[in-house]
Amino acid sequence: MTKIRVLVVEDSATVREHLCAVLRSDPDLEVVGEAGDGKRAIALCQELRPDVITMDMMLPMMSGLAATEYIMAHCPTPILIVSSSVNRGELFKAYEALSAGAVDLMEKPSGDEPDGRWEEKFLSSLKMVARIHVITHPRARLNPSSDIARFASAPPRRIGKRPYEVLAIGASTGGPGAIVDVLRGLPSTFSLPVLLVLHIGEPFGSAFADWLDGQTSRRVSYARDNQPVDDAVGRVVMAPPGYHLAVQGSKVHLTLGPERHSCRPSVDVLFESVALEYGASAAACLLTGMGRDGALGLAAIRHGGGLTIAQDEATSVVWGMPREAILLGVVDHVLPLSEIGPALSTLVRSRVGGK
C-alpha cells in the first residue's frame, strides 16, 4: 500500500518534532520533509510534491498564509492548518488560508488533552484532508449521460422577481472562500435577510463572523436567540459554533438539539425550518462541503415551492453536499461559484404593506 507523503511546516522545533513523531507512528504515513518557514515550505513542496501539508500560520520570513496562497496557486496540495486559536490575528490568518484553498484546520496540542486524544484527531484529520482533490481550475463538465447531469439539466424554475423573504446558505469544507465569493456577488441593494450555517467548530469558530464581516460591505454577526428575522434585513446572521440555527414565528432560535449528520450547527435544521416558516418565499443555496448535510433541507425548500441553488462540481473544494441534493432532484439551478452571487442578486424582497 502506498503511504501518504506528508510535508510538515512548523517553526517551533519542539512542536515540529512532536508532529513528525506522531506521523511516523502511523504505518500509512511518511514524513518526506520538514520546514521551519514559509519560504522553505514552498521550495520543499515544489521539490517533493507531497500528498498533504501540515501548515502553521505564524512563520518567519514568509507567513503560513502567504505560503498557502502561493502553494495553492502554483503547486496545489491539500493543506491542513495546525495553528493556535488563542490569538485573534492568528485566527484571522487561518480563515484567510481557508479562503485561499486550505482544506481544514485544527488547533495545536495544548498539553491538557487526554492521552492520545489530540494525536488521534490529528491523524484522522490529516488522512481526510489528503483525500481531497484540491481545486485550482475548473474541471471537466459533468458527463451528460450521468444521473447527476440528468437531474442538473431538469427544467429549472426561473430566478426572477418574486416575493422572496429570506435567503438561507449552507456550507462546509471549502465554505469560507465560497461564502465570501457569494456575498461579494450581491449588490449593496440586496435587502433579503441572509441566514448562514457553516461547519466550523470551536475553538476556531469564535471569531469567524467578525472576520467575514470584514470581507464584504455586508454586515455579519452571530445570531442571538429570539432575534427577529427582520434584524437581518440586508445583513448576514450566522449560526454560532455548537448551536443549531432555526426560524420560527419570524424569529431565529438557537438550540442544543441532537447533531444532524454529526453536525451542530446543521444546514438541514436551518433549511427545514426556513421551508416551514416561509414556503414559496424562501430561497436557499447549498455550497461546497463534505457529506450530505443540507440535501434533505434543500428538498424541503424545493417541495415547499422555494428556490434552490447548488454549487457545481468544478468549483467545489468538496462536491459532497451539493451532489447529494442534485441526486435527490431538488435543485433548480446548478451554478459555478462565480455565478451564484449574480443569480441571487435578482431576488427582490417584497413585504406585506410594502415595508
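Each reported figure results from applying straightforward, stated rules to the coordinates on display, with no laboratory input. This structure is a prediction, so every number in the text was calculated from the model and none was measured. Using ideal geometry, Cβ is built from the backbone for each residue, glycine included, and neighbour counts are taken over all protein chains shown.
Starting from the Cα of Met62, move 7 Å in the Cα-to-Cβ direction to define the label point; list residues of the stretch 71-107 whose amide nitrogen is under 15 Å from there.
Correct set: 71-77.
Please give the helix 64-74 orientation as an angle from the longest Cα principal axis of the chain, in degrees from 0 to 90, rounded to the nearest 10.
Value to nearest ten degrees: 80.
Taking only Cα atoms, what is the 0 to 90° angle, nearest 10, from helix 88-100's long axis to the longest principal axis of the chain?
Between the helix axis and the principal axis of the chain, the angle is about 80 degrees.
Put a dot 7 Å past each Cα toward the Cβ at Asn87 and Gln46; how far apart are the dots in nm?
2.7
Decide, for the stretch 252-310, between rounded, prolate and oblate: order the square roots of the alpha carbon gyration tensor eigenvalues as a ≥ b ≥ c, take rounded if a/c falls under 1.5, and otherwise choose prolate if a/b is larger than b/c, else oblate.
Verdict is oblate for the stretch 252-310.
Roughly what angle does helix 117-130 make with the longest principal axis of the chain, taking Cα atoms, 0 to 90 degrees, to the nearest 10?
Orientation of helix 117-130: about 70 degrees from the principal axis.
What's the center-to-center distance, using Cα atoms, between the stretch 260-327 and the stretch 56-113 in Å?
What the calculation gives is 28 Å, centre to centre.
Report the residue, chosen from Glu113, Glu17, Glu90, that carries the largest GNM mean-square fluctuation when the chain is represented by alpha-carbon nodes joined by springs under 10 Å.
With Cα springs under 10 Å in the chain, the top fluctuation among Glu113, Glu17, Glu90 is at Glu113.
For Leu256 and Cys75, what is the calculated FRET efficiency with R₀ set at 41 Å and r taken between the beta-carbons, to the nearest 0.05?
Efficiency computed from Cβ-Cβ geometry: 0.45.
Calculate the spin-label point distance for Ala314 paired with Asp26, positioning each point 7 Å from the Cα along the beta-carbon direction, and give it in nanometres.
For the pair Asp26/Ala314, the computed spacing is 3.3 nm.
Over the chain, how many pairs of lysines fall under 29 Å by alpha carbon, counting only those 8 or more apart in sequence or from different chains?
Lysine pairs satisfying the spacing and distance rule in the chain number 16.
Between Asp268, Asp312, Asp213, which gets the highest mean-square fluctuation from a Gaussian network model of the chain, Cα cutoff 10 Å?
Evaluated over the chain, the most mobile residue of the options is Asp213.
Of Pro114, Thr14, Pro76, which is farthest along the charge dipole of the stretch 4-130 in the positive direction, counting Lys and Arg as +1 and Asp and Glu as -1 at C-beta?
Most positive-ward Cα: Pro76.
With label points built 7 Å along Cα→Cβ from the Cα atoms of Glu202 and Asp115, find their separation and express it in nm.
Each label point lies 7 Å from its Cα, and together they span 2.7 nm.
Using the beta-carbon distance between Val233 and Val15 and R0 = 45 Å, what value does 1/(1 + (r/R0)^6) give for FRET efficiency, to the nearest 0.05?
The calculated FRET efficiency here is 0.45.
Rg and Dmax of the chain, using alpha carbons, in Å: what are they?
Rg, Dmax (Cα atoms, Å): 20.7, 67.
Among Val331, Val22, Val134, which one shows the biggest mean-square fluctuation in a GNM of the chain, springs joining Cα atoms closer than 10 Å?
With Cα springs under 10 Å in the chain, the top fluctuation among Val331, Val22, Val134 is at Val22.
Given a cut-off of under 8 Å on Cα pairs at least six residues apart, what relative contact order in percent is computed for the chain?
In percent, rounded to a whole number, it is 15.
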